[in-house]
């Protein structure tokens, strides 16, 4: 009988501990200071921005390596501070005109994706809103590196002063096809 009571006590204690653990893991928030619907976002959380890549090649190519961390740490409202550096890359390193430099800084800064919903979604594509009056955004199939290199070194903006050998990264397709269901990307490998 004593052994039965020991097992019974152990089961009761385990069930009680499990109930406490599950109660402590609840997503319900009855805190009046943070009126959030059950299962909604926790408004008191603090997030740390790690990387910002609205427009590829801005931080990775056109800004100096020493600026990369600062660019990632601030938001788009601070991007005008990077105009001189971006335009300096385009005129100095890429050897392009100030027209190309000014155009690129005006469409790439602030570094955020632009979507013009008044245009047809069939014209979606990176920089399409600026370079061809398109919808904007980014399709998964957009070769954003080639589009960016063409804008910097090619004739997407101006035909003079181009550097044809630098207009592609020579990567023309994914190594794994996109899925037809969300999240559409292949698993990391």
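Look at the Cα gyration tensor of region 58-166: its axes a ≥ b ≥ c give a/c of at least 1.5 with a/b at or below b/c, and that counts as oblate. Among 145, 58, the order by Cβ neighbours within 10 angstrom, fewest to most, reads 145, 58.
How high is the relative contact order of region 58-166? Use alpha-carbon pairs under 8 Å, at least six apart in sequence, and give a whole percent. With pairs under 8 Å counted, the relative contact order is 20 percent. Only Cα pairs under 8 Å and 6+ residues apart enter the sum, and on that basis the relative contact order of region 112-152 stands at 34 percent. Going from the residue with the fewest nearby Cβ atoms within 10 Å to the one with the most, 185, 86 rank 185, 86.
Protection proxy ranking of 171-180, 63-72, by the mean of other Cβ atoms within 10 Å over each peptide's residues and highest first, is 63-72, 171-180.
Any read-out appearing in this document is the output of simple, stated calculations on the displayed coordinates, not a laboratory observation. Every value quoted in this text rests on a predicted model; they were computed, and no experiment measured them. A quick note on method: Cβ atoms are made from the backbone with ideal geometry, for glycine too, and the neighbour counts reach across all protein chains shown.
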